[in-house]
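Q: Input: one structure, supplied below.
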Amino acid sequence: VQGTGGSSAVSKCSAAARGYIQDRFLRLLVGRRRRRAPLVHRGYYIRARAVDHCVQDFLLKTQSHPRTQILSLGAGFDSLYFRLKDMGLLHHTVVYEVDFPNVACQKATLIKRIKELSALVGDVRGEGLGVITFSGEDYKLLGVDLSELSELERALEEAGLDNEIPTLFIAEVVLTYMENSRSDALIQWAAEHFSQACFLLYEQIHPEDPFGYVMQQHFSQLNSALHSLAQYPDCEAQQRRFFEKGWSECSVMDMNEFFTHCTPEDEQQRVQALEPFDEYEEWHLKCSHYFVLTASKGMESSWTPLLSNMTVPHCDGPVRMAGSITAVVCATHSEISGLRRYGHHSVLIKPNVILTTGGFGEEDGQHCRMRNFHVLVKHAGYWKAGCVKKENPDKRWDERLYHTVSCLSSSLAVVVGGRTSPSSAGLGMLWLKFPETSNALDPGDVTVELVSLQPAAEPAALRWRHSTTEVIFKGKKYLFLYGGRSAMEPVLGDWYFLHTQELSCTVIPVEGPVPESRHSHSACSWKGGVLIAGGLGAVEQPLGSVFFLRELEHGFQWQTVETHPPLIPRYSHTAHVHDGKLLLVGGVWFHSSSVPGITVIDLMTGLCLDYAINVEHLEWPLMLHNHSSVFLPNEKELLLIGGGGNCFSFGTHLNPEPVSLSLSNILTSH
């Protein structure tokens, strides 16, 4: 548990060094320096922001009181006291910090040794005695095990804690490491023994979904299991817990809600622009698995920092499911390796032959951007898998992620866009040629030839997380290239019509209300036009809109597809059209009570039904974002290939095998 405190201090320090948080004291308190990934920086930013937001609100609300106090439980090497003192916010507030005796002793030694820190504390009252390892006028550092409540009480009394003045308790990822009976007792003790009290809690929720499973495994492997999750799995359970333990007011929100509703938009944009970033799915999943809670009792005026200047549409209730669809591991004749990947693209190049290219995943036991093309061939009800022989392996393949592949005939496909690293420019276009003749009963029969091309339309392709869809205008085929993002633009809303013969841009008039910019949306050909659904919009907010680009005599027209109930906003899903129904598969949404399964939208009536995916036959968590899917209309079978991602600092999860879903029930029953 102490190890988790040390590593989180290093992460906060790295976030401060990159400008996410303003904190010049962390580097003095944290010995080790390591540069963390942008995803980790964002995670620690939102944690620090939530705590600061609530602490400063407490100090503001109680400024008319002659004396107040803050008690930070399991404070570790946190710099809170030094920041507040430096900002001149502690005129009449004493800060008490409690942690394991050896942690408190190390911190006390550091403070005494470092001038910049000891100067802020001012006069030190005597040498550290017993549990009080450090004692200044407005700062006391205590070495006590929090799970020993009677010892804690005795030490705080000795240090001068006053239970009659406004007191803020802070527990930032601390209580969950204790047995529930002990953390519950601590929450109840704080409510019963202090006449005017506030409590600030930040920790994990949602152990039951795939990300939650990976998160729990990580902490168990560190030998610091998360105890509160089983008994208090969500925001509502945590809120009930505080009411039952004697707190009279309590509000709670997950970190997606906090970032959206309690962080000013200019601040959101500042943070989003600090580093090249392309891990939206994992950022939003991380935020839906942490919450901030504030509770109070006996305060003169109500303390509700989480409702600041707006009421929040709180953790909308569970998503209503119309039924469920059972997932089974794909029936294969060969050991499928090479499909553990995400950010790749899969396409049916002929009936029963699926080509998968690109993405990030596992190759030869290493995690890397994928070089190999992969093929699945269905024969006599079974899938066979193998690597594709690339004729003239071209340097220009560049191991890309988030590209598209569109089949133009049975022997030709075009690759558009994609990226290597998010800081580099997007990649251009390539032809993929496969021999006409092979009847492909075996993966070994499939060869792919890569042909570089630098068409006039190349600049249009320098993007990723976009869509390319076949449309028909006046009997001719075009590829409709839409949306995405680039190294310069975090979200694009433009489009191009590419003539399929020479891939040149053709101007075709488009009328109607232009959809808002988006990436990571889905796009399907339908009736000669395109259906665009969902996506991630301008301020990294999921979108719930569906548009149909419809062919008219002289061009195309954007039309809004109304859905009822309204489609839950989502992105990073895949989509297919069958028989007048739009199927949306997986993705990421902000409803933390469940993960997206399959949504069926009836394009005639607009009726929108959500189905859960039943995973009881799978022996591993099925992460359905950054996956690919292929629909086989004759069998009404949906194949899910790859998917997963880098789960914050908890490790990378890659779905190990392709999964098959039979959709015949939901596609015929309507």
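Q: Going highest first, how would you order 61-72, 94-105, 622-633 by mean Cβ packing within 10 Å? Working shown, then result.
A: Values: 61-72: 17.8, 94-105: 20.7, 622-633: 23.2.
Per-residue Cβ counts within 10 Å, averaged per peptide and sorted highest first, yield 622-633, 94-105, 61-72.
Q: If you don't mind, another one. Past 25 Å, Cα to Cα: identify those pairs from LYS433/LYS636; LYS384/LYS527; LYS61/LYS85; LYS12/LYS286, in the order given.
A: Working: LYS433/LYS636 28 Å; LYS384/LYS527 33 Å; LYS61/LYS85 17 Å; LYS12/LYS286 16 Å.
Distance filter (> 25 Å) returns LYS433/LYS636; LYS384/LYS527.
Q: Ignoring ligands, DNA and RNA, what accessible area per residue does the chain give at 1.4 Å, in Å²? Walk me through the intermediate numbers first.
A: On the way: 26150 Å² over 670 residues.
I get 39 Å² per residue for this part.
Q: Keeping the other protein chains in place, figure out the carbon and sulfur percent of the accessible area of the chain, with a 1.4 Å probe.
A: Numbers: 13080 of 26150 Å².
Answer for the chain is 50 percent, counting heavy atoms of protein chains only.
Q: Now for a separate question. Return one number: the angle in degrees, 0 to 90 and rounded to the nearest 10, between the long axis of the Cα atoms of helix 180-193 and the longest principal axis of the Cα atoms of the chain.
A: 50
Q: Regarding the range 557-670, what are the three Cα extents along the principal axes, ordered largest first, in Å?
A: 43, 31, 27
Q: Further question on the same structure: When the expected Rg is taken as 2.2 N^0.38 Å, what fraction or multiple of it is the alpha-carbon Rg of the range 319-368? Could you put the intermediate results ahead of the total?
A: Values: Rg = 14.8 Å, N = 50, 2.2 N^0.38 = 9.7 Å.
Its radius of gyration relative to the 2.2 N^0.38 Å reference: 1.52.
Q: Rounded, prolate or oblate, given the Cα gyration tensor of the range 16-122, with a/c below 1.5 counting as rounded? Mind showing how you got there, number by number?
A: Values: a/c = 1.77, a/b = 1.20, b/c = 1.47.
Oblate, since a/c reaches 1.5 and b/c is not below a/b.
Q: Okay, moving on. Return one number: the angle in degrees, 0 to 90 and rounded to the nearest 10, between the long axis of the Cα atoms of helix 235-244 and the longest principal axis of the Cα atoms of the chain.
A: Value to nearest ten degrees: 20.
Q: Let me ask something else about it. May I ask for the Rg/Rh ratio of the range 490-643, computed from Cα atoms with Rh as the Kirkwood radius, given to two decimals?
A: Values: Rg = 16.2 Å, Rh = 16.6 Å.
Radius of gyration over Kirkwood radius for the range 490-643 works out to 0.98.
Q: Arrange the peptides 500-508, 556-564, 525-533, 278-286 so that the one whose residues have, on average, the most other Cβ atoms within 10 Å appears first. If you can, show how the numbers build up before the last one.
A: Working: 500-508: 13.8, 556-564: 15.9, 525-533: 20.6, 278-286: 23.4.
Going by the mean number of other Cβ atoms within 10 Å, highest first, we get 278-286, 525-533, 556-564, 500-508.
Q: Which of the aspartates and glutamates could a cross-linker bridge to LYS474, judged by Cα under 13 Å and excluding same-chain residues fewer than eight apart?
A: In chain and number order, the partners are GLU551, GLU553.
Q: Show that you can apply the helix-only estimate: for the chain, add -39,500 (n - 2.57) for every DSSP H stretch of four or more residues, divide by all residues, and state [θ] at 222 nm to the nearest 500. Display every interim value, and only then the final one.
A: On the way: 16 runs with 156 residues, N = 670.
When only DSSP H runs of four or more count, the value is -7000 deg cm²/dmol.
Q: Let me ask something additional. Mind listing P(r) for the chain? All alpha-carbon pairs, 20 Å bins, whole percents.
A: Result returned by the calculation: 18, 46, 27, 10, 0.
Q: Could you work out how far helix 38-61 tilts from the main Cα principal axis of the chain, as a 0 to 90 degree angle to the nearest 10?
A: Helix 38-61 and the main axis of the chain meet at about 40 degrees.
Q: Grab the Cα-Cα distance for LEU89 and LEU222, subtract it from 0.36 nm times how many residues apart they are, and report the gain in nm with one decimal.
A: Separation in residues times 0.36 nm, less the Cα-Cα distance, equals 44.2 nm.
Q: On to the next question. Give me the one-decimal nm value for the distance between modelled label points at LYS476 and LEU348, 7 Å along each residue's Cα-to-Cβ direction.
A: 2.8
Q: Taking Cα pairs under 8 Å and at least six residues apart, what relative contact order does the chain come out at, in percent?
A: Relative contact order of the chain: 10 percent.
Q: Quickly work out the GLU164-to-THR304 label distance, labels modelled 7 Å from Cα along the C-beta direction, and quote it in nm with one decimal.
A: Inter-label distance under the simple model: 3.1 nm.
Q: Leaving ligands, DNA and RNA out of it, rank ARG18, ARG241, ARG371 by accessible area with a 1.4 Å probe, largest first.
A: ARG371, ARG18, ARG241
Q: Please list log₁₀ I(q)/I(0) at q = 0.09, 0.16, 0.19 Å⁻¹ for the range 94-214, using the Debye equation with identical point scatterers on the alpha-carbon positions.
A: Calculated log10 I(q)/I(0) at the listed q: -0.30, -0.84, -1.09.
Q: If you put +1 on each Lys and Arg Cβ and -1 on each Asp and Glu Cβ, how big is the dipole of the range 123-269 around its Cα centre, in Debye rounded to 20? Mind showing how you got there, number by number?
A: Numbers: 7 positive and 28 negative charges, 80 e Å.
Computed about the Cα centre, the dipole is about 380 debye.
Q: Once amide H atoms are placed 1.01 Å from N in the peptide plane, what residues at a sequence separation of 5 or more from PHE556, or on another chain, have their amide H within under 5 Å of its amide H?
A: Amide H to amide H, under 5 Å and 5 or more residues apart or across chains, PHE556 pairs with VAL510, GLU511.
Q: Okay, moving on. Calculate the FRET efficiency for ILE325 and LEU60 from the Cβ-Cβ distance with a Förster distance of 45 Å, rounded to the nearest 0.05.
A: On the way: r = 51 Å, r/R0 = 1.13.
Rounded to the nearest 0.05, the efficiency is 0.30.
Q: Do you know the relative contact order of the range 448-554, to the nearest whole percent, from alpha carbon pairs under 8 angstrom that are 6+ apart?
A: Numbers: 210 pairs, mean separation 23.6, N = 107.
Reported relative contact order: 22 percent.
Q: FRET efficiency for ASN180 and GLU502, Cβ-Cβ distance as r, R0 = 60 Å, nearest 0.05?
A: Efficiency at R0 = 60 Å is approximately 0.35.
Q: Quote to one decimal, in nm, the extra length available between ARG154 and VAL124 on full extension: 0.36 nm per residue of separation minus the C-alpha distance between them. Intermediate results must be reported in sequence, preceding the final value.
A: On the way: separation 30, 0.36 × 30 = 10.80 nm, distance 2.14 nm.
Taking 0.36 nm per residue and subtracting the Cα distance, the gain is 8.7 nm.
Q: Using unit Cβ charges (K, R positive; D, E negative) and no other charged atoms, how large, in debye to the nearest 20, is the dipole of the chain about its Cα centre?
A: Working: 57 positive and 74 negative charges, 357 e Å.
It works out to roughly 1720 debye.
The values are calculated or read from the model by the stated rules, or taken from the named source; none is laboratory data. Just so we're clear, the structure is a prediction, and the values are computed from it rather than from any experiment. Positions of Cβ are backbone-derived with ideal geometry, glycine not excepted, and every protein chain shown enters the neighbour counts. Each accessible area value is taken on the protein alone, full model and side chains, heavy atoms only, with ligands, DNA and RNA left out. Shrake-Rupley method; radii C 1.70, N 1.55, O 1.52, S 1.80 Å.
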